[in-house]
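Data block below; observations after.
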Amino acid sequence: MKLEISLFKFDKNSDYLPYYTKHFFKVENEKNLLDILKTINKNEKLGFENSENFDLVVNEVFTKASISIKELVDNFGKELIIEPISIRRAYSDLLIDDKDFKEKINILKDFIKDEDKINYLSLKPYYYASNTLNYRSDYIGDAILILAHDLILKNPQAQNLILDSLKQEEIGASFHTGLKNRIYNFDNSIEDKIIEIQKKLNLFEELDKQNFRINKTLIIDFGTFDENYEVKHDFKDFNIAYYPSSDSKQTLELLDKLDANILKLNSTKLDLAKNTFNKNPLITYHVAITVLLDAFDNNADFLVVDTNEDFYIFDYNRKELEKICGRDVILPIIHKNELQKLACGNHKEAKKTLELHQIDPEIV
């Protein structure tokens, strides 16, 4: 088996900017990613940790060096981009200075014992995997939120004091963005712990209680998705970006029937932090404009969304989003129910809602 590997390289003592070396790697006796790194290291000095527990990033997903060759290929393909868990903190190829992570434990220094320090150090992947760090490097960190949960579980009497310590952090728990799509074989109980802390801090709201104003202010009724439909317009020559919700089956089936070019954008896997939107819309805006710019710069004709909440965030907050990036992003947003109407030739019904968008797709 042959792999095409782009390997991150940077030496803080000699390089001004990082770069990538290309390796056309023939797998022989290697069993896992660590074996690949060791083989490359024989011919080209490479900064990495000789441990199966070594954390690194493959194709923008956080994983361990212990991941098998089969898992690599099955999940990421044969073209691999291997990077450190923090590019901005890399000092020798895949090795990073994790001082920022270690210092964050001081937030809870009054409540920890030696075993808690060991627990915290094991949470390093969750700290660096957070997409929030791409917008706010001073973010409290998901690892602290996980540790806080564990400390409260061990010592419920200290709950209020621990929560008060978290409240003192300006870039705190309201800035959390989901880790599910960022870590290979992610343990969902980790996200549950963070959500529980957010709830204790009165930051987390269920979506049905969130005031996205989609019905009160915008008064847009996108109707329902018809389970029985016939596609009459295939959208050939269209570039379509899609931001999926937790239930994307209907939309994926519809897109598959359109004969369009469906853009594969990693940004559409990013979490919008919708459950804390009312408390902190800023982090949602940052993620949303990342998705919009990625679609726009890849020549998408429009972005499809599944839910009213996503439509509201992307379309009716456009001025806030554009203010963050300093650019005009003229990219239409289309609800999946509108797309179905257009595909089925029901243009008259579709036009009723399309005209209410901040940017009319002008497809009809």
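A few notes on this one:
- Angle in degrees between helix 188-200 and the longest Cα principal axis of the chain, rounded to the nearest 10: 80
- Subtracting the Cα-Cα distance of Lys12 and Asn266 from 0.36 nm times their residue separation leaves 88.6 nm of extension gain.
- Global form of the stretch 2-95, assessed from the alpha-carbon gyration tensor, a/c cut-off 1.5: prolate
- The slack between Lys109 and Glu60, meaning 0.36 nm per residue of separation minus the straight C-alpha distance, is 14.4 nm.
- Using the Cβ-Cβ distance between Asp74 and Lys42 with R0 set to 25 Å, the FRET efficiency from 1/(1 + (r/R0)^6) comes to roughly 0.40.
- Among the lysines of the stretch 239-355, pairs at least eight places apart or on separate chains and with Cα atoms under 13 Å apart come to 4.
- Simple point charges give the picture: +1 on the Cβ of Lys and Arg, -1 on the Cβ of Asp and Glu, and for the stretch 239-355 a dipole about the Cα centre of about 180 debye.
- Two-site FRET efficiency, Asn119 against Asn181, from Cβ-Cβ distance with R₀ of 25 Å, rounded to 0.05: 0.50
- Computed with a 1.4 Å probe over protein heavy atoms only, the accessible surface of the chain comes to 52 Å² per residue.
- Segment Lys232..Glu253, full-extension length gain: 6.1 nm, with 0.36 nm per residue of separation and the alpha-carbon distance subtracted.
- Close amide-amide hydrogen proximity is noted between Asn32 and Ile69, each under 5 Å apart and 5 or more residues distant or on a separate chain (H modeled in the peptide plane; Pro and chain starts excluded).
- Taking a straight Cα-Cα cut-off under 18 Å and skipping sequence neighbours fewer than 8 places away in the same chain, the aspartates and glutamates within cross-link reach of Lys31 are Glu4, Glu49, Glu52, Asp55, Glu71, Asp74, Glu79.
- Most mobile listed residue (Thr63, Thr132, Thr353) in the chain, GNM with C-alpha springs under 10 Å: Thr353
- For the chain, a Gaussian network of Cα nodes joined below 10 Å ranks Phe62, Phe25, Phe175 by mean-square fluctuation, and the top entry is Phe25.
- Computed [θ] at 222 nm, helices only, for the chain once each DSSP H run of length n ≥ 4 contributes -39500 (n - 2.57): -10000 deg cm²/dmol
- Hits among aspartates and glutamates - C-alpha to C-alpha of Lys154 under 16 Å, sequence gap 8 or more where chains match: Asp110, Asp114, Glu115, Asp116, Glu196
- Seen from Gly223, the other residues with C-beta closer than 14 Å to its C-beta sum to a net charge of -1, counting Lys and Arg as +1 and Asp and Glu as -1.
- Antiparallel content of DSSP bridges confined to the chain, in %, to 5: 55
- Carbon plus sulfur fraction of accessible area for the chain, probe 1.4 Å, in percent: 44
- Pairwise inverse Cα distances across the stretch 239-355, averaged and inverted, put the Kirkwood hydrodynamic radius at 14.6 Å.
- Net charge of the neighbourhood of Lys31, taken over other residues with C-beta under 12 Å away and scored Lys/Arg +1, Asp/Glu -1, is -3.
- Taking the average, over residues, of other Cβ atoms within 10 Å as the packing measure, peptides 227-236, 2-11 rank 2-11, 227-236 from highest down.
- Between the stretch 280-294 and the stretch 1-73, the Cα center-to-center distance that results, in Å: 31
- For Lys12, a cut-off of 28 angstrom between C-alpha atoms picks up these lysines, skipping any fewer than 8 places away in its own chain: Lys22, Lys38, Lys42, Lys45, Lys64, Lys99, Lys102, Lys104, Lys124.
- Candidates Ser86, Ser68, Ser246: whichever shows maximal mean-square fluctuation once the chain is modelled as a Gaussian network with Cα springs under 10 Å: Ser246
The values are calculated or read from the model by the stated rules, or taken from the named source; none is laboratory data. Bear in mind the structure is a predicted one, so any value in this text is a computation, not a measurement. Virtual Cβ from ideal backbone geometry, glycine too; neighbours counted across all protein chains shown. Each accessible area value is taken on the protein alone, full model and side chains, heavy atoms only, with ligands, DNA and RNA left out. Shrake-Rupley method; radii C 1.70, N 1.55, O 1.52, S 1.80 Å.
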